[in-house]
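Right, one structure below, let's go through it.
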Amino acid sequence: MNLDILSKNENLESTGRVNKIIGQINDLINEKLLQPGDRLPPERELAEKFNVSRRSIHVAILKLESYGILKSIPQSGTFIPNIGRIAMNGMVRDLLNLGLPSFKSLVEIRIILELKAVKLAAKKRSEEDLINIKSALDAHEKKILSGEDGVQEDLLFHLAIAKASDNVTMNQIMIAITPQIIVDFKKYHVDYNQLDELRIKEHRKIYKAIKNQDPKLAKKRMKQHFKLLYEYCGISK
């Protein structure tokens, strides 16, 4: 069997198992065995109750936490937020119906977020933020000029800008979506390695605009940097 197909089948099986657990946790809430504000039972207890592995329980809980359906409090446990049963059912239903995001959908979200992030970074960046952005920029340039793959440093440059926006939610979303975008863009864009010099120049211009605290110019430079993403995904500027 093709290894890619095997891996895909395993992922689908794992997702189905995790989603079933999510539905079972939601059933406990609907049956009033768990109430909003209650602490979730230990993973071991849930694993025994649902006859699944603790790892599957752990993954299901992490998935629910990432969407705000459960809330983890350090040294206290994982709790059901007091949002009401109707809202809880709606959120769980939407979560279970989510498909895998396409490359284009991730890019569209990234463009929207990062154009806002770079403007905020230019307005609010601290000296420490500036040092972090410059460090990532220099590391990327060093890798590229030495003939090495600079994808990770490219990623760190953009994440440093998101962090400088001083918006925690925006930063979290960028952390979640940016790695896959960069990996996929290199995978599907055959000219990626021929764009090294251009990316270096564009990174420098973005950094300079942030350093000079010019939000308008920073956004303009980032839009220029996204030119290939716009074209590749057929997105209108």
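Bear in mind these aren't lab numbers, they're just calculated from the coordinates by the rules spelled out. Quantities reported herein were computed from a predicted structural model and do not represent experimental measurements. Cβ atoms come from the backbone with ideal geometry, glycine included; neighbour counts cover every protein chain shown.
When peptides 62-75, 121-134 are sorted by average Cβ neighbour count within 10 Å, with the highest value leading, the order is 121-134, 62-75. With respect to the chain, whose longest principal axis is taken over its alpha-carbon atoms, helix 103-124 is tilted by about 70°. Candidate cross-link partners of Lys208 among the lysines, defined by an alpha-carbon separation under 20 Å and a same-chain spacing of 8 or more, comprise Lys116, Lys119, Lys123, Lys124, Lys134, Lys142, Lys163, Lys216, Lys219, Lys220, Lys223, Lys227.
From the coordinates of this entry, Cα Rg over 2.2 N^0.38 Å is computed, and it appears in (i) 0.98; (ii) 1.02; (iii) 1.23 under the label (iii).
What ratio of Cα Rg to 2.2 N^0.38 Å holds for the range 3-96?
On the way: Rg = 13.7 Å, N = 94, 2.2 N^0.38 = 12.4 Å.
After normalising by residue count via 2.2 N^0.38 Å, the value is 1.11.
Quick check for me: using +1 on Lys/Arg Cβ and -1 on Asp/Glu Cβ, what's the dipole size of the range 1-146 about its Cα centre, in debye to the nearest 20? Don't skip to the answer; put the middle values down first.
Working: 23 positive and 18 negative charges, 55 e Å.
In debye, rounded to 20, the range 1-146 gives about 260.
Would you mind computing Rg(Cα) / (2.2 N^0.38 Å) for the range 103-233, counting N as its residues? Kindly include the intermediate steps, with their values, before the conclusion.
Values: Rg = 13.5 Å, N = 131, 2.2 N^0.38 = 14.0 Å.
Computed over Cα atoms of the range 103-233, the ratio equals 0.96.
For Ser72, the residues whose amide H sits under 5 Å from its own are Phe79, ignoring neighbours fewer than 5 places away on the same chain, with H placed 1.01 Å from N. Quick check: Cα centre of the range 41-98 to Cα centre of the range 116-144, how many Å? If you average the Cα positions of each part, the centres end up 36 Å apart. Here each label is just a point 7 Å from Cα along the line to Cβ, and for Arg204 and Phe79 those points are 5.3 nm apart.
Helical runs (DSSP H, four residues minimum) scored at -39500 (n - 2.57) apiece and divided by the length of the chain put the mean residue ellipticity at 222 nm at -24000 deg cm²/dmol.
If R0 equals 35 Å, the separation of the Cβ atoms of Lys142 and Lys223 corresponds to a calculated FRET efficiency of about 0.85.
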